Amino acid sequence: MTERVAVAHLLRRATFGPTAEEVDAAERDGFARTLDRLLAPDGPDRGAADTPVPVLGPDPAAQLDRGASSEQRRWANQQRREQVTRLLDWWLGRMVAAEHQLAEKLLFFWHGHWATSVQKVRSAGLMLRQLETLRRLGRGALPPLVDAMVRDPALILWLDGQRNTRKAPNENLARELMELFTLGIGGGYSEADVREGARALTGWTVDRRTGMARFEPRRHDPGPKTILGFTAAFDARSYSRLLAERPETARFVADRLWFRFAGANLPAPGGLAGADTVATLRQIFTAPDFAQTRDTLVKQPVEWAVGAMRQLGIRPWALSAQRRRQLVAGLNALEQVPLRPPSVGGWPAGTAWLTTSSAQARLRVAEQLVRAVAPAVLSRLAAAPRDGRPDALARLLVVDGWSERTRTALVPLAGEPRRLIVAGLISPEYTVS
């Protein structure tokens, strides 16, 4: 594998989609320096600065009193939807513009891991707060992250934690905390551990007006609980620490990171778990097997669309409101919209994205994106000799090379650069990285 192929593979996995210029720079720097820069970027993120976090304000519906009219409630719910739209537009724009791309890719990973949907939470502000928690703590060691998440207002609402009281324990949050977020299926816990964990999490509610999680001692079960063989008066903090410090949790999270950044084609090697998430990512990207995962990972729809926008010079915030709505509608047709995971298990992966309906939806989104391609990008492609345009397209889309079958399909389109780009975006070589 040449240096260019190696760094292109790294950048395709560690970012939402590298540009040709980013691959050029990485080739000059070499793999090791490029990885260091991805894991610990220097200087401020100018792209993030260009996409400041939206100021959403309080939850409109939560500010209404019980005597609010139907019209007031309709207005508040409309305002809620508009806040969600603003948040989604901002996040997609941030994914495209951010220079510290691995930070954005990691945030999207954690969003899928701690899968929480705004459709039940019904608050853009709470979803934004959760994203900020995942961004702030997601690079570090697991205990602070797990501790913060068990008391995260959006997650509490999503998994009915506010209904979990000493008199009527609700096991949803404790069960998913063990099964999907920390120990994993087969992580050595029992149904009794789930029940006791639910008791440890009692007492937490969410104040909709302030958007804050609040502990109510009278709702909490202060008695001793036995969890994973340890007996203590566990509460949310001590219970989360117990789970986060287990070796099973470190292995499970490392395996999940491998699954999302390297794929399922090869099993995760042993010993990936580092002292923190950044150390684990370094282990993944430098594992000998990582190089063997090239051309095996089906891009998630958001990765595919955001990567295409980066390479085509599209900035979502510069699009008209109608085109932004069309983009989100396209992601919805592809069955992956940020802030709306289908279940607590998150989104599927792999060949689940390669269906007949998804191929048709991908074509429609590709056509939308090409209508918005930056003129300079289109001009560079059009400036290439006609018989060299398939290769110019490969450089533009950071594809190592076309198969004979794909090249045969591209050659007749060389005289029409926009159609050529569409064909490249839906090609197997671009869809699978």
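What follows draws every value from the coordinates through simple rules; no lab data is involved. All values reported here derive from a predicted model rather than from experimental measurement. No Cβ is skipped: glycine too gets one built from the backbone with ideal geometry, and neighbour counts run over all protein chains shown.
Of the trypsin sites (Lys or Arg not before Pro) found in the range 92-186, those in coil by DSSP whose Cβ has at most 16 other Cβ atoms within 10 Å are Arg166, Lys167.
Under 8 Å for C-alpha pairs, at least 6 residues apart: give me the relative contact order for the range 296-431, rounded to a whole percent. Display every interim value, and only then the final one.
On the way: 118 pairs, mean separation 39.0, N = 136.
29 percent.
Considering helices alone, the calculated mean residue ellipticity of the chain at 222 nm is -16000 deg cm²/dmol, with DSSP H runs of length four and up weighted by -39500 (n - 2.57) and normalised per residue. Cα centroids of the range 245-294 and the range 140-197: 23 Å apart.
In the neighborhood of Ala366, defined by Cβ-to-Cβ distances under 15 Å, what is the net charge if each Lys or Arg adds +1 and each Asp or Glu adds -1? Net charge in that neighbourhood comes out at +4.
The stretch between Glu21 and Glu245, if pulled fully straight at 0.36 nm per residue, gains 76.5 nm over its current Cα-Cα span. For the range 296-431, the spread of Cα positions along the three principal axes, ordered from largest to smallest, is 49, 34, 20 Å.
Cross-link candidates for Lys225: which lysines have Cα within less than 27 Å, leaving aside residues fewer than 8 places away along the same chain? The qualifying lysines are Lys167. Taking label positions 7 Å along the Cα-Cβ direction at both Asp160 and Ile185, the computed distance is 2.1 nm, reported to one decimal. Normalising the average separation of contacting C-alpha pairs (under 8 angstrom, six or more residues apart) by the number of residues puts the relative contact order of the chain at 18 percent. Among Ala25, Ala308, Ala154, the residue with the largest mean-square fluctuation in a Gaussian network model of the chain, with springs joining Cα atoms closer than 10 Å, is Ala25.
Close amide-amide hydrogen proximity is noted between Met212 and Asp207, each under 5 Å apart and 5 or more residues distant or on a separate chain (H modeled in the peptide plane; Pro and chain starts excluded). Subtracting the Cα-Cα distance of Ala349 and Ala291 from their residue separation scaled by 0.36 nm leaves 18.9 nm.
Take the Cα of Ser403, go 7 Å toward its beta carbon, and the backbone nitrogen atoms of the range 415-433 under 17 Å from that spot belong to 423-433. Here the extension length gained between Ala376 and Thr231 equals 45.7 nm, from 0.36 nm per residue of separation less the Cα-Cα distance. Largest first and in whole Å, the equivalent-ellipsoid semi-axes of the chain read 41, 27, 17, each the square root of five times a Cα gyration tensor eigenvalue. A straight line joining the Cα centroids of the range 312-387 and the range 103-124 runs 20 Å.
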